[in-house]
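What follows is a single structure, written as structure tokens, with notes after it.
Any read-out appearing in this document is the output of simple, stated calculations on the displayed coordinates, not a laboratory observation. Everything quoted here is computed from the prediction, not taken from an experiment.
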Amino acid sequence: MRLLCILLLFIFLGSTKNLHAQYTAPPKVYLNCTTNCYDDYVRSELSFFDFVRDRYVADIEILISRIRTGSGGHEYTLTFYGQNKYAAINDTIKFDTQQADTQDIIRTSLVKYIKMGLIRYILDSDLMKTISIDFPERQAIAVVPVPDKWNFWVFRLGGRGSFNSESNKKNTSIRTDLSINRVTDASKFSVYSYHNQYFNRYVVDGEEVTARNTNYGLSGLYVKSFSDNWSAGGFYRGYHSVYQNIRFSHSVAPALEYSVYPVSEVLRHQLRWVYQAGIRKLNYIETTIFDKQQETLPYHQLSGIMGITELWGSFSAELSAYQYLHDLSKNSLSLEMDLNWRVAQGLSVWLNSNISLINNQISLAKSEGDASQILLNNRQLPTNFRFGSSFGMTYTFGSISNNVINPRFSGVD
């Protein structure tokens, strides 16, 4: 009898120990990032948890995505998905950053809200005994929201330049741009202008070849929302391009948009159709292949934009059809696709492809130009299609859990 009691005691203590280990083992966390999520910093600040490199072995998956706000900052969305014994626990947290926020401010905020979301997963475990939560003292005087003195207007002025030189070649580029935006839930107004200057010089067999390319432009849009699905507004675009033989082109077009999903769900999925119809006035640098120096043409354009972001990855596509109304044979059709797919444990593939069918090169110069202009990409050539693609894959295997961060010699070529 005594032996039986001792045996039962050992069984009970062993099962209690296993149960205690089950509840005190920290959950495995996987960061699923559609943007920069500062994963090294997050792992170093949240070393309490085990971070794994594969979503299929995680207890908690955190999908991190962001979208630009009207002030030039971003709205981050953190979606928490519980797996295994946490399968019934899902949550979503959002927070905003400002355009002037430093990288440190952004990553500190990111860690703060990830901590908030992870609390739910350890509420019923012994792990709660090892953490502390602090709340600020209640203020005696209620905080009154400060009015926005700029009334949602945001201005941004930028510029950059580059210079590269060797014995027989020299490349210089200067770019400046200005944007003005006002974004609210009900309307959106945006103006963007740019000026680019490129200069290339090469010496081949003692002969100097030079090319100068200038392009500048101004674009604007206004859109008014009528519901979660419908909005209307218009576009303006004006630009100068030596490459396209455009002295200056103006176009203006009213537009209508229909969104299959409410725009508030754009981070998870979107399917939008935008139709515009307008007038385009063109002035050419050289006489075109149609013997034109200038012309004014009606046109219309239909664009379809779709995108989905799921735990397995993301996919987006844009289909656009453009047609001149004076001659329906002058048209173009373009499709661009992006895919990032986590196929299986440790295996992911990505693909970017774009293809255009082109039948509307009305600005092509009649003269052929010299070889140096063509070789230096300073002159547009006739074509009826354009295609580009890039793709890749990664396969990772080995240790699934390693929270060690060692930045030594990082960034050295």
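Key figures
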item: The chain - mean residue ellipticity at 222 nm from DSSP helices (-39,500 (n - 2.57) per run, n ≥ 4, rounded to 500); result: -4000 deg cm²/dmol
item: Under 24 Å, Cα to Cα: Lys pairs in region 154-395, sequence gap 8 or more or different chains; result: 7
item: Lysine-lysine proximity count for region 11-127, Cα under 20 Å, sequence distance 8 or more or distinct chains; result: 7
item: Theoretical gain in end-to-end length, residue 135 to residue 232 [0.36 nm per residue, Cα-Cα removed]; result: 30.4 nm
item: Rounded to 10°, Cα long-axis angle of helix 2-24 versus longest principal axis of the chain; result: 20 degrees
item: GNM result for the chain, Cα springs below 10 Å: residue of 109, 179, 167 fluctuating most strongly; result: 167
